[in-house]
Amino acid sequence: MALLDNSKDILPLSSIAEALGAKSRTLKMYEDRLLLPKKDSSSKKLYSIDDIKQIAFVHYLASVKKINANGIFYILDMIRENMDEQAQRSFFEKVEEKMSKISSVDIQDTDSI
């Protein structure tokens, strides 16, 4: 039995930005460009642990790999179209493991995607 429900929405974008060492406005820009998981139009959007893994992946692609918004959108679209939910979770867990090995010095915030 899992202690945490990784699909429960719990954190606002500002907290995720702080955890990633990014600016809130950068993550908001990702959201505006439809690169983040879709949320309802409630006044305070919250994200789950599963969402955070995808957000971290998007931030990694933009800030470390320097991929622009169109490229990131294409990558995410390919993932959504070709993987079921379990495969996506597994993929993002593997990505998270690899990203954890990257030095925070290697990751720089960017506002230019």
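Every number in this text was worked out from the coordinates using simple rules, so none of it is lab data. Model, not experiment: these values are computed from the prediction. Here Cβ is always computed from backbone atoms with ideal geometry, including for glycine, and neighbour counts include all displayed protein chains.
Sorting ASP9, ASP51, ASP40 by the number of Cβ atoms found within 10 Å of their own Cβ, with the fewest placed first, yields ASP40, ASP9, ASP51. For the range 55-81, there are no residues whose amide N sits under 20 Å from a probe point set 7 Å from the Cα of ASP40 along the beta carbon direction. The mean sequence separation of alpha-carbon pairs under 8 Å and at least six residues apart, normalised by the residue count of the chain, gives a relative contact order of 30 percent. Remark: the range 47-57, residue by residue, has Karplus-estimated 3J(HN,Hα) of 10, 8, 4, 4, 5, 4, 4, 5, 4, 4, 5 Hz, where x stands for each Gly or Pro and the curve is 6.51 cos²θ - 1.76 cosθ + 1.60 at θ = phi - 60°.
For the chain, divide the Cα radius of gyration by the Kirkwood radius and give the resulting Rg/Rh value with two decimals.
Value, to two decimals: 0.94.
Between ASN68 and ILE10, the contour length at 0.36 nm per residue exceeds the Cα-Cα span by 18.1 nm.
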